[in-house]
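Single-structure report; data block below.
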Amino acid sequence: MSIIDNDNGNNLQHRVITIPQNRISPLKRDWKQICETVVNEAKIDIRYNVSQKCVEIRTNQNTASADVIEKVARFLEAYGKGFELRDATAFLKVENLMVDTFDIQNVKLVLQGDHLSRAIGRIAGSGGKVKHTIENATKTRIQLCDKTVHIMGTAGCVKIARDAICDLILGADPAKVYQRLRVVASRFNSSE
């Protein structure tokens, strides 16, 4: 996703966020809610450019601060990566959120064919159980997109979730990963 900065002489900022092909239909379905959220809460102008398949946002005279456009851009990028609208909206409300993206084959290079499918299956688990357990234990949101994993949360929580996912990719038993998650998450929660 590309972000282009333009600064007109009026101190207005402009961003262009490219939307992947597979997220255009969900974007059209949720467009009314996205517009209401961006225009009413962030006071930013938004439009969808059909020919370029991108969303354009810009500040106006009602925008409170220049930082808001960056939050809206991160919100739209998270939505474009596949996160649900209610999860991506957290970027507008919480300050220190981030999205960490990595490729499964970067963790273990020899994964191909059935081995890659099994690694993805270990991350998701039966009926999404493993993925939901990691999300609940680390207070993150995880999105599996083919061979790419997107993790949304605070920096510490994302690191814990990433370590758990990497262990699963490398072939660790889910029960051992659950146990490590309990220990690390309790230690992390007690330090906050």
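The values are calculated or read from the model by the stated rules, or taken from the named source; none is laboratory data. Remember, predicted model here, so these are calculated numbers, not experimental data. Cβ atoms come from the backbone with ideal geometry, glycine included; neighbour counts cover every protein chain shown.
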Subject >> Cross-chain or 6+ apart pairs with Cβ under 6 Å, the stretch 89-114 first and more than 20 Å from Ile44 (Cβ to Cβ), then part of a loop (DSSP other than H, G, I, E, B) and of a type in the set (Ser, Thr, Tyr) >> reply: Asn96/Thr154
Original post:
Cβ-Cβ below 7 Å, separation at least six or inter-chain, first residue in the stretch 166-187 and closer than 18 Å to Ile151 by Cα, second of a type in the set (Asp, Glu): which pairs?
Top reply: Val177/Asp167
**OP:** Take the stretch 140-167 and flag every residue that is in contact with a Gly (Cβ under 7 Å, 6 or more places away or on another chain) and surrounded by fewer than 17 Cβ atoms within 10 Å (Cβ to Cβ).
**Re:** Cys145
Subject >> the stretch 121-140 residues that are on the phi > 0 side of the Ramachandran plot and free of Cβ contacts under 8 Å to residues at least 60 places away in the same chain, paired with ones that are in a helix (DSSP H, G or I) and of a type outside the set (Gly, Ala, Ser) (beta carbon under 7 Å, 6 or more apart) >> reply: Gly125/Lys131; Gly125/Pro174; Lys139/Cys157
Original post:
Scanning for something farther than 14 Å from Ile165 by Cα, modelled with pLDDT under 95 and loosely packed, with under 13 Cβ neighbours inside 10 Å, does the stretch 99-110 turn up at least one residue?
Top reply: yes
